[in-house]
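Notes follow the structure.
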Amino acid sequence: MLPVVKALRARADLDPVVVVTGQHREMLDQVFAAFAERPDIDLELMSAGQTLTDITVRVLARMAEVFEQQKPDLVLVHGDTTTAMAAALAAFYARIPVGHVEAGLRSHDITRPWPEEYNRVSVDAVADFCFAPTETSAENLRRESPRERTIAVTGNTGIDAVLYMAGLVDEAMLEDLEVTPAADKKLVLVTGHRRESFGGGFDRICDGIARIAARPDVEVIYPVHLNPQVRGVVMERLGGLPNVHLIAPVDYVRMVALMKRADIILTDSGGIQEEGPALGKPVLVMREVTERPEALATGVVSLVGTDPELIHREVSRLLDEPDYYAGRARPVFPYGDGTAAEKIADIIEAYARKERAAA
């Protein structure tokens, strides 16, 4: 969302107010610093052991207070988080127009990703402005609802962010990590945190990673998510294994540097399904379904689920077959060319001017 914030701040007619919940405080602060930005309002809502119900109730109540104080003309939310869903609902209750950045993505399975698929559908149901990354996403929106609203294909602002940052980072930014990637080994970068894989799913993912790490020519670096349901399993199953480095979560700058350095990315992240291909990296997605079919269509991204055998087999093929790897390790841009934020700001600025003229 930060490329959008910067684009909005550059427009004289617009006065953006950035609100955060405070989730994952350290990572949040790091990513704001990377973009030389700061939140205007920090709700500091997060607490240990919170449930999805807790988050929903707190965000809904606090955002209602923010809207009463700020009286915004438009509320922008991003993606498929529970925060985005609850903030959009609070705006809908307050009869404030909602704009959804990254609208229209669908797995068409309400349980996967869970609860993100529901969250995204819910936000789109009330959004007056749907900023879709692709034409497929826009068509999903048109098919779901005939009501009058603005649906614009803008590309995804995540591509804006990763291309901006990729131009600034180099391997020197990895020197202060807990481990420096070895020059003589292939680097498999792992990220995993999805709720749908809690329990047995993460056990299977760890089995697959352990089999990959048994190769002497491979090094696995896994910045482990802070969620205790992820961290506990990963530390127990992979801690101490040769060639596996479990490190603390890294800031956005170092994550982009790690993606640039990686030979293969193994992930369950939605955003990395877009960012990895833009950086020319093969991406294996540890999920059964994805709301990003455009990434699969490029051939650079593929689904491996949580099957340890499939995870091991697909990583091994990329490592052992140079021609196959070359066909997968190429930059592709199904989610835009890095100008999404400017397109979104243009639409919002035009809307603001129209509203002022009508007032």
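The values are calculated or read from the model by the stated rules, or taken from the named source; none is laboratory data. Just so you know, these numbers come straight off a predicted model, no measurement behind them. Please note: Cβ atoms are built from the backbone with ideal geometry, for glycine as well, and neighbour counts cover all protein chains shown.
Specify which of the listed residues (Glu309, Glu294, Glu274) is assigned to a helix (DSSP H, G or I) and touching a Pro at 6+ places or on another chain (Cβ under 7 Å).
On inspection, the qualifying residue turns out to be Glu294.
Just for the range 72-118: of the residues that are within 14 Å of the chain's Cα centre (by Cα) and not in a loop (DSSP other than H, G, I, E, B), which one is nearest to Leu43 (Cα to Cα)?
The extreme case among them is Thr83.
Just to be sure, is Asn243 over 20 Å from Tyr324 (Cα atoms), of a type in the set (S, T, N, Q), over 14 Å from the mean Cα position of the chain (by Cα) and modelled with pLDDT of 90 or more?
The answer is yes for Asn243.
In the range 324-342, which residue that is touching a residue at least 40 places away in the same chain (Cβ under 8 Å) and more than 20 Å from the chain's Cα centre (by Cα) is farthest from Lys6 (Cα to Cα)?
Checked the range 324-342; the qualifying residue farthest from Lys6 (Cα to Cα) is Tyr325.
Identify all residues within the range 18-39 that are exposed (fewer than 14 other Cβ atoms within 10 Å of the Cβ) and part of a loop (DSSP other than H, G, I, E, B); write none if there are none.
Of everything in the range 18-39, those that are exposed (fewer than 14 other Cβ atoms within 10 Å of the Cβ) and part of a loop (DSSP other than H, G, I, E, B) turn out to be Ala36, Arg38.
Sort out which residues of the range 140-165 are surrounded by fewer than 17 Cβ atoms within 10 Å (Cβ to Cβ) and in a helix (DSSP H, G or I), and write them in order of number.
Correct list: Arg142, Arg143, Glu144.
Taking the options Leu177, Leu187, name whichever one is part of a loop (DSSP other than H, G, I, E, B), hydrophobic (A, V, I, L, M, F, W, C), in contact with a Lys or Arg (Cβ under 7 Å, 6 or more places away or on another chain) and farther than 25 Å from Glu102 by Cβ.
None of the other options fit; the residue is Leu177.
Are any residues in the range 191-222 of a type outside the set (Gly, Ala, Ser) and under 20 Å from Glu116 (Cβ atoms), and if so, which ones?
Here is the first cut: in the range 191-222, the residues of a type outside the set (Gly, Ala, Ser) are 191, 193-196, 198, 202-207, 209, 211-212, 215-222.
Listed by number, the residues that qualify are Thr191, His193, Arg194, Arg195, Glu196, Phe198, Phe202, Ile205.
Quick one: His108 ticks every box in (1) surrounded by fewer than 24 Cβ atoms within 10 Å (Cβ to Cβ); (2) in contact with a Leu (Cβ under 9 Å, 6 or more places away or on another chain); (3) not hydrophobic (A, V, I, L, M, F, W, C) except a single one, so which number is it?
(2)
Taking the range 5-17 as the region of interest, how many residues are assigned to a helix (DSSP H, G or I) and not small (Gly, Ala, Ser)? Don't jump to the end; show me each part of the working.
Restricting attention to the range 5-17, the residues satisfying the condition of being assigned to a helix (DSSP H, G or I) are 5-9.
Next, from what is left, pick out any that are not small (Gly, Ala, Ser): 5-6, 8-9.
Selection size over the range 5-17: 4.
Given the conditions (1) touching a Pro at 6+ places or on another chain (Cβ under 9 Å); (2) assigned to a helix (DSSP H, G or I); (3) modelled with pLDDT of 95 or more; (4) outside the structural domain of Thr81 (by TED's automatic domain parsing), which single one is not true for Ile212?
Going through the list (1) touching a Pro at 6+ places or on another chain (Cβ under 9 Å); (2) assigned to a helix (DSSP H, G or I); (3) modelled with pLDDT of 95 or more; (4) outside the structural domain of Thr81 (by TED's automatic domain parsing), Ile212 breaks only (1).
Residue by residue, here is whether (1) at negative phi; (2) assigned by TED's automatic domain parsing to the domain that holds Pro133; (3) aromatic (Phe, Trp, Tyr); (4) touching a helix residue (DSSP H, G or I) at 6+ places or on another chain (Cβ under 9 Å) holds:
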| residue | (1), (2), (3), (4) |
| --- | --- |
| Ala257 | yes, no, no, yes |
| Ala262 | yes, no, no, yes |
| Ile272 | yes, no, no, yes |
| Val285 | yes, no, no, yes |
| Thr290 | yes, no, no, yes |
| Gly299 | no, no, no, yes |
| His312 | yes, no, no, yes |
| Leu318 | yes, no, no, yes |
| Pro322 | yes, no, no, no |
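If you take the residues in the range 120-157 that are at pLDDT below 95 and not charged (D, E, K, R), which one is nearest to the chain's Cα centre (by Cα)?
So the residue we want is Ser145.
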